[in-house]
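Enquirer: Here it is, the structure in full.
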Amino acid sequence: MDNPTAYTDAVVIERTFDAPTDRIWQMWTEAEQFQKWYGPVGFSVPVAQMDLRVGGKRLICMASPDGSMKMWTTGEFVEIVPTTRLVYTESMADEAGNLISPSAMGMPPGYPETTEVTVQLEEVGGRTKMVMTHAGIPAGSGADGGWNQAFDKLAEQIEPVHSGQ
């Protein structure tokens, strides 16, 4: 995003996970872990490519439960502070990572071509407080529901790793 502060709309979600920050960091930054939880319930992530370095690219494909709809996004990592802060841009794309306008994907007028996701992680008593901000997406737009479903899936993925502690 050229100027993230220019966006007044954002989805902001705070969650606490029963896992240390390094585990939640892995879930966000390792492609094979990200694929296990990203997207609303029933959706899958058949492709997740992440070059985890500032300026490194991301290419993600999210597929509907029946596989009839695939939504590709691309972007780049803007800020990386291991186990604490992750910032990346996100734009709609084709499977080669070429940008596609939001209107061509059926998004409403005014939907930004590039949004920005910021993930803040803080260890609190062996657990992780996470604050995720998706700037450029209006609060109450439905995106918050999708993110919350994804975070429910993330919580299910970490249970076996941290159970009984």
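Enquirer: For segment 106-140, what are the residues that are free of Cβ contacts under 8 Å to residues at least 24 places away in the same chain and charged (D, E, K, R)?
Expert: 113
Enquirer: Still on this structure, I have one more. Is it the case that residue 103 is part of a strand (DSSP E or B), over 19 Å from residue 154 (Cβ atoms), without any contact (Cβ under 8 Å) to a residue 40 or more places away in the chain and small (Gly, Ala, Ser)?
Expert: Against the criterion (part of a strand (DSSP E or B), over 19 Å from residue 154 (Cβ atoms), without any contact (Cβ under 8 Å) to a residue 40 or more places away in the chain and small (Gly, Ala, Ser)), residue 103 does not qualify.
Enquirer: Please indicate, with yes or no, whether at least one residue in segment 95-105 is of a type in the set (D, E, K, R), modelled with pLDDT of 95 or more and within 12 Å of the chain's Cα centre (by Cα).
Expert: Within segment 95-105, none of the residues are of a type in the set (D, E, K, R), modelled with pLDDT of 95 or more and within 12 Å of the chain's Cα centre (by Cα).
Enquirer: Which of the residues belonging to segment 28-50 are exposed (fewer than 13 other Cβ atoms within 10 Å of the Cβ) and of a type outside the set (A, V, I, L, M, F, W, C)?
Expert: Within segment 28-50, 32, 42, 46 qualify.
Enquirer: Which is touching a helix residue (DSSP H, G or I) at 6+ places or on another chain (Cβ under 7 Å) and either at pLDDT 95 or above or farther than 14 Å from residue 115 by Cβ (or both), of 46, 40?
Expert: Only one candidate qualifies: 40.
Enquirer: Also, quick follow-up: Return the residues of segment 106-122 that are farther than 18 Å from residue 10 by Cβ and not in a strand (DSSP E or B); say none if nothing qualifies.
Expert: The answer is 106, 109.
Enquirer: Could you please find all residues in segment 123-155 being aliphatic (A, V, I, L, M), closer than 11 Å to residue 13 by Cα and in a helix (DSSP H, G or I)?
Expert: 143
Enquirer: Oh, and also: For segment 42-97, please list each of the strands (runs of 3 or more DSSP E) lying entirely inside it that holds at least 1 residues being among the aromatic types (Phe, Trp, Tyr).
Expert: Output list reads 70-81, 85-93.
Enquirer: Within the set of pairs 6+ apart or on separate chains, which have a first residue in segment 14-30 that is over 24 Å from residue 51 (Cα atoms), a second that is hydroxyl-bearing (Ser, Thr, Tyr), and C-beta atoms under 8 Å apart?
Expert: Final answer for the pair search is 16/128; 17/128; 19/128.
Enquirer: Next question. Restricting the search to segment 20-66, which residues are under 15 Å from residue 151 (Cβ atoms) and among the charged types (D, E, K, R)?
Expert: Scanning segment 20-66 gives 23, 36.
The values are calculated or read from the model by the stated rules, or taken from the named source; none is laboratory data. Everything numeric in this text was worked out from a predicted model, so none of it was measured. Don't worry about glycine lacking a Cβ; one is built from the backbone with ideal geometry, like all the others, and counts go over all protein chains shown.
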